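Input: a single structure, listed below in structure tokens.
Derivation of every value follows stated rules applied to the coordinates shown; laboratory data play no part. A quick note: this is a predicted structure, and the numbers were derived from the prediction, not measured. Cβ sites come from the backbone with ideal geometry, for glycine too, and all protein chains shown count toward neighbours.
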């Protein structure tokens, strides 16, 4: 079970070298993804494809083993669809990257609109302005990726993975 224990600073100090090495690794990997976003986008798409395949296999096996459960047939169908979708992304990573980029643009657009609405609903709170800014930035990013699609498929996923990876460095040190 996960708990919110206080960090033992002595243990952190004793392993400082490992934390620094992990932080450097995250920065280097993130920088590589930012420098070659096309390759990072393709690798991300292939990885998502394999995750879909494994998830589909596990879902299908689970549903097959629990055939007495009323939703087992739908579980098997869902598992098969996951495997097919994953196999298509792995077999055609460029098309998968383009599709994932389009989904990402839609996600940013919807998230931006929802955050703007939430900010208006929470305008009595002192932090509502930050919610509004967050919503506007998400909406703008979604518009930028969506309006530039399909060319944004070449760089968007890889760039976002690189930024996320690089920002992970501060979490480990």
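Descriptive notes on the structure:
- What separates the Cα centres of the stretch 67-110 and the stretch 31-46 is a distance of 21 Å.
- Modelled this way, with points 7 Å down the Cα-to-C-beta line, the labels at residue 137 and residue 92 are 3.6 nm from one another.
- Gyration tensor verdict on the stretch 38-131 (Cα atoms; rounded if a/c is under 1.5, prolate if a/b is larger than b/c, oblate otherwise): oblate
- Between 37, 93, 150, the GNM of the chain built on Cα springs shorter than 10 angstrom shows 150 fluctuating the most.
- Once the gyration tensor of the Cα atoms in the chain is diagonalised, the equivalent ellipsoid follows with semi-axes of 31, 26, 23 Å, ordered largest first.
- Among 135, 49, 162, the residue with the largest mean-square fluctuation in a Gaussian network model of the chain, with springs joining Cα atoms closer than 10 Å, is 135.
- Comparing mean-square fluctuations of 60, 148, 129 from a GNM of the chain with C-alpha springs under 10 Å, the top value falls on 129.
- Theoretical ellipticity at 222 nm over the chain - DSSP helices of four or more residues, -39500 (n - 2.57) apiece, nearest 500: -27500 deg cm²/dmol
- Ellipsoid semi-axes for the stretch 96-150, based on the Cα gyration tensor and the rule √(5λ), read 26, 8, 6 Å when sorted largest first.
- Cα-based shape type of the stretch 76-173, given that a ≥ b ≥ c are square roots of the gyration tensor eigenvalues and the cut on a/c is 1.5: prolate
- Against the empirical 2.2 N^0.38 Å (N residues), the stretch 1-74 has a Cα radius of gyration ratio of 1.84.
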